[in-house]
Amino acid sequence: MARKCYGNLIGGRWLPARSGKTFLNRNPADPEDAIGEFQASGAEDVGLAVEAAAKAYRSWRAVPAPRRAEILFRTGELLLKRKEEFARQMTREMGKVLAEARGDVQEAIDTAFYMAGEGRRLFGQTTPSELPSKFAMSVRMPVGVCGMITPWNFPMAIPSWKLFPALVCGNVCVLKPAEDTPLSAIHLVETLMEAGLPDGVANIVTGFGPDAGAPLAAHPGVRAVSFTGSSEVGRLVGLTAAGEFKPCSLEMGGKNAMIVLEDANLDLALEGALWGAFGTTGQRCTATSRIILERGIADEFTRRLVQRAAALRVGNGLDESVEMGPQINLQQLETSERYTAIASREGAQLLTGGVRLGGELAKGFYFAPTVFTGVQPQMRIAREEVFGPLVSLIECDGFEQAVEIANGIDYGLSTALYSRDVNRALKAVRDLEAGITYINAPTIGAEVHLPFGGVKQTGNGHREGAGAIDFYTAWKSVYLDYSDRLQRAQIDTPD
Ligand code: ADP
């Protein structure tokens, strides 16, 4: 059967990469199943996309925001219609179980409707002037061509977090999706086009990070860069953007802690732990990778967690009875293997998992749900992001120590506390150093209309979701003087 070959979308046309090179995208559940052939783009393709975007910017920025929003609204409606089809193709492309792939498409739908609403807000401020007969206000301006570099773990949701707010604000975009999941990103952009987005307003250039991502971040015509991915690459992108003084939003790693206190509803905490640690095969930036247990419940919780983790149904995510799919690629699988060895060397005890799965699953990138106990906060397995189905259990003596352990890392994305004590819940909200804190819910489950992002090395201070409008606009302060005379601020003051 002829394999489908997908182009880059540049200025409304599907084009091959200038180099003529393509790459294969494979199903992580069965790498022999090729999803399709995609363009291995380089700097030249990026340049063409930026040029096409810049051309489209002239007219797109002049379209009234409520009209731009209508296109997003239609995009949301079309995504809703295609949800099942896109979700199935996403599972095949990325491996996450079907229920979660549906959730990923749903997140794009939610973002479309939320950002469509912004078209009639995009509020600025009006404020009194210090001078008479003078009117003062601030308005939001688009920034121009925005470059977006996205990871594979939320193949449609994350591109939507960047594209939709940027577009409603009047920007034009060049998206470089992850090389492991270009199809879901293409589905998203195709849907935008079908909803009526003019040619050139959103462009997509597929390919590998150093070849296509790096030139996008560096391109002088790109006025703002938004990146989600590893801290290592985020640092490179951030340094590149800084050289040109470009606003740059970096959303990176996490080592997210769930604290379970002795007064917690243990059944609830257990469900949360399983979902948080093994949902998306542990490959979420908000995945629960540390569980800090108050000593009194540690043994029981550990025993029950291990039992449940070992019983999780692992397999092809297209099978509705499967609870955990494969890892995205061989490299990620090997990272899980490497950290299993590191944790064992450091003295942690492996209670279940720690191995690649064989038998029928041998052809895919499957790693067993893995639980370590006896983990000390200074161990690498307790501090470094793995991005796999591995969770570390750390015992503590009470709430204060739990918070100290939770905060004792370089990352600060998500945190969770399980307790029935309202005072401790509020202290956790106050004291946990993270962009997100859940009470009696796992570390995953962000909703699109709240700010999303983290502190410390998780990010560089920007937020997606509710914070995205601030990133994709620049403020302009406007003064209208209707006094018909020169008035001098700070000088013409009453004696
Ligand atoms: P992950 O661990 O999720 O794969 P990466 O940081 O490696 O995270 O990748 C996230 C995105 O960054 C992908 O789209 C990838 O192609 C891109 N990328 C990788 N290397 C670079 C680079 N040097 N410059 C710009 N983008 C890059």
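The values are calculated or read from the model by the stated rules, or taken from the named source; none is laboratory data. None of the values given here were measured: they were computed from a predicted structure. No Cβ is skipped: glycine too gets one built from the backbone with ideal geometry, and neighbour counts run over all protein chains shown. With ligands, DNA and RNA removed, areas are computed over all heavy atoms of the protein, side chains included. Shrake-Rupley method; radii C 1.70, N 1.55, O 1.52, S 1.80 Å.
Close amide H pairs (under 5 Å, H built 1.01 Å from N) link THR415 with ILE436, THR437, TYR438, residues at least 5 positions away or on another chain.
Summary of packing: across the peptides 477-487, 401-411, 304-314, the per-residue average of other C-beta atoms within 10 Å ranks them, highest first, as 401-411, 304-314, 477-487.
Computed over all pairs of different Cα atoms, the Kirkwood value for the hydrodynamic radius of region 256-439 is 16.3 Å. Under 5 Å between amide hydrogens, built in the peptide plane, is the criterion, and for PHE135 it picks out LEU480, ASP481, TYR482 among residues at least 5 positions away or on other chains.
Taking all pairs of distinct Cα atoms, average 1/r, flip it, and tell me the Kirkwood hydrodynamic radius of region 161-244 in Å to one decimal place. All intermediate terms of the calculation are to be shown ahead of the outcome.
Numbers: mean 1/r = 0.0739 Å⁻¹.
When all Cα pairs of region 161-244 are included, the Kirkwood radius is 13.5 Å.
When +1 charges are put on Lys and Arg Cβ atoms and -1 charges on Asp and Glu Cβ atoms, the dipole computed for region 370-423 relative to its Cα centre reaches about 160 debye. Residues whose amide H lies under 5 Å from that of GLY36, counting only those 5 or more places away or on a different chain, are ASN25; hydrogens are built 1.01 Å from N in the peptide plane. When the chain is described by a simple charge dipole with +1 on each Lys and Arg Cβ and -1 on each Asp and Glu Cβ, the residue from THR91, THR370, VAL403 located farthest towards its positive end is THR91. Each residue of region 90-107 was assigned a 3J(HN,Hα) from its phi angle through the Karplus expression (A = 6.51, B = -1.76, C = 1.60, θ = phi - 60°), giving 5, 4, 5, 7, 10, x, 5, 5, 3, 4, 6, 5, 4, x, 5, 5, 4, 5 Hz with x at Gly and Pro. Of the residues PHE38, PHE208, the one with the largest accessible area comes first in the ranking PHE208, PHE38, computed with a 1.4 Å probe on protein heavy atoms.
Across region 289-296, coupling constants 3J(HN,Hα) worked out from phi with the 6.51/-1.76/1.60 Karplus curve, θ = phi - 60°, read 10, 10, 10, 9, 10, 5, 3, x Hz, and Gly and Pro carry x. What does the charge count near GLY374 come to, summing +1 for each Lys or Arg and -1 for each Asp or Glu among other residues with Cβ under 10 Å from its Cβ? Net of charged neighbours comes to -2. When only Cα pairs below 8 angstrom with a gap of at least 6 residues are kept, region 72-142 shows a relative contact order of 29 percent.
With +1 on each Lys and Arg Cβ and -1 on each Asp and Glu Cβ, and nothing else charged, work out how big the dipole of the chain is about its Cα centre, in Debye to the nearest 20. Display every interim value, and only then the final one.
Details: 51 positive and 58 negative charges, 241 e Å.
Rounded to the nearest 20 debye, it is 1160 debye.
Looking at the square roots a ≥ b ≥ c of the eigenvalues of the Cα gyration tensor of the chain, which shape do they give, rounded for a/c under 1.5, prolate if a/b is larger than b/c, or oblate?
Numbers: a/c = 2.15, a/b = 1.31, b/c = 1.64.
It is oblate, given that a/c is not under 1.5 and a/b is not larger than b/c.
Across region 9-23, rounded Karplus estimates of 3J(HN,Hα) from the backbone phi angles (6.51 cos²θ - 1.76 cosθ + 1.60, θ = phi - 60°) give 9, 10, x, x, 10, 8, 10, x, 5, 4, 6, x, 8, 10, 9 Hz, Gly and Pro being marked x. Taking a ≥ b ≥ c as the square roots of the eigenvalues of the alpha-carbon gyration tensor, region 37-127 is classed oblate because a/c is 1.5 or more while a/b is no larger than b/c.
With the contact rule set at Cα under 8 Å and sequence spacing of 6 or more, what percent relative contact order holds for region 256-439?
Working: 365 pairs, mean separation 52.1, N = 184.
Averaging sequence separation for qualifying contacts and normalising by length gives 28 percent for region 256-439.
Taking each DSSP H run with n ≥ 4 as -39500 (n - 2.57) and averaging over every residue of the chain yields -12000 deg cm²/dmol at 222 nm.
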